[in-house]
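Trainee: Before I ask anything, let me first share the structure, which is written out below as structure tokens.
The values are calculated or read from the model by the stated rules, or taken from the named source; none is laboratory data. Since this is a predicted model, take the numbers as computed values, not measurements. Every residue, glycine among them, receives a Cβ derived from its backbone with ideal geometry; neighbour counts consider all protein chains shown. Quick note on the areas: whole protein, heavy atoms, side chains included, nothing else; ligands and nucleic acids left out. Shrake-Rupley method; radii C 1.70, N 1.55, O 1.52, S 1.80 Å.
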Amino acid sequence: MSDPKGNEPEQTLRTSHAARTRSAASRAAAICHYIERHGSAEKHEAGTAEDGTAEDGTAEGGTAASGPAEGGAAAGGTAEVGPAAKEIAWKAAHAARVAAQAFAVLSESAPAPAADSRCARNAAASAAQAAQMGQLHDGDGELAVAACRAAVHASRAAAEAAGAQGLGVNETLNASADAAEAAAVAAAEEAGWMRPGQDLPQVSTGVRSPEIMSMLHL
């Protein structure tokens, strides 16, 4: 049955853009969770207690090894440690938060293809930033590089769908963005950054500044 208000096409496009926004936000959250989980594991493998005392009996004041624990990085890469690892984790968390904001803004608004596609665009851009942090965390292993490349491609495809030539209604550009997002998910799964059907923790959207709101939707 046709929508009496004549907005059935907008609802259909909303479903498509919302699915892509949710997917990108989930990718960003998964990568953030992956980095946090593996960072904690590497710290534990290094034998450091929560109070900073080495668990192997190193004398107080001793210096922890500067290299990563064996097996702490993806094959072919080297995991970041120390201050660099903290910065990577912080940037991944920020990317996940902005992606979550994009999905939240879309979910709370009325269907509008151009605006919805901008939410999808920004979620994909944030997921690409998270993927770059995932690659920095894992090193230059083949799977991490491929996953980061796929995330960047998904971001570009989403930007084209939301751009002046697409405005969220171009079927060809939307289909390309959908395909690129699916490929980014598959690559992230191959890299071990996320698992099919993974139950991810909720990501706080934090305080939405006027700049964020303007960039995303309004």
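Trainee: Out of all the residues in the stretch 143-157, which are open to solvent by less than 10 Å² (accessible area, probe 1.4 Å) and either among the polar types (S, T, N, Q) or touching a His at 6+ places or on another chain (Cβ under 9 Å) (or both)?
Mentor: A144
Trainee: Can you tell which of D3, D51, D56 is modelled with pLDDT under 95, closer than 28 Å to A158 by Cβ and not in a helix (DSSP H, G or I)?
Mentor: Values: D51 fails: closer than 28 Å to A158 by Cβ; D56 fails: closer than 28 Å to A158 by Cβ.
Of the residues listed, the single one that is modelled with pLDDT under 95, closer than 28 Å to A158 by Cβ and not in a helix (DSSP H, G or I) is D3.
Trainee: Quickly run through the stretch 6-34 and pick out the residues that are among the β-branched types (V, I, T) and modelled with pLDDT of 95 or more. Steps first, please.
Mentor: The initial filter retains those residues of the stretch 6-34 that are among the β-branched types (V, I, T), namely 12, 15, 21, 31.
Hits for the stretch 6-34 are T15, T21, I31.
Trainee: For the stretch 153-166, which positions are out of contact with any Lys or Arg (no Cβ under 8 Å at 6 or more places or on another chain), modelled with pLDDT of 95 or more and of a type in the set (A, V, I, L, M, F, W, C)?
Mentor: A154, A157 - these are the residues of the stretch 153-166 that are out of contact with any Lys or Arg (no Cβ under 8 Å at 6 or more places or on another chain), modelled with pLDDT of 95 or more and of a type in the set (A, V, I, L, M, F, W, C).
Trainee: Would you mention how many residues in the stretch 163-193 are assigned to a helix (DSSP H, G or I), β-branched (V, I, T) and open to solvent by 60 Å² or more (accessible area, probe 1.4 Å)? Don't jump to the end; show me each part of the working.
Mentor: Residues of the stretch 163-193 that are assigned to a helix (DSSP H, G or I), as a first pass: 171-190.
Adding the requirement that they be β-branched (V, I, T) leaves 172, 185.
Remaining after also requiring open to solvent by 60 Å² or more (accessible area, probe 1.4 Å): 172.
The number of residues fulfilling the criteria is 1.
Trainee: Just to be sure before I move on: is D140 at pLDDT 95 or above and either open to solvent by 10 Å² or more (accessible area, probe 1.4 Å) or part of a helix (DSSP H, G or I) (or both) in the structure I sent?
Mentor: Working: at pLDDT 95 or above: no; either open to solvent by 10 Å² or more (accessible area, probe 1.4 Å) or part of a helix (DSSP H, G or I) (or both): yes.
No.
Trainee: Taking the stretch 104-137, which residues are in a helix (DSSP H, G or I) and open to solvent by 50 Å² or more (accessible area, probe 1.4 Å)? Give the steps one after another, and end with the answer.
Mentor: First pass over the stretch 104-137, keeping only residues in a helix (DSSP H, G or I): 104-107, 113-137.
S107, R118, R121, Q129, Q132, L136 - these are the residues of the stretch 104-137 that are in a helix (DSSP H, G or I) and open to solvent by 50 Å² or more (accessible area, probe 1.4 Å).
Trainee: Something else about it: If we keep just the residues of the stretch 179-218 that are farther than 18 Å from Q132 by Cβ and touching a Ser or Thr at 6+ places or on another chain (Cβ under 7 Å), which is modelled with the lowest pLDDT?
Mentor: Result: H217.
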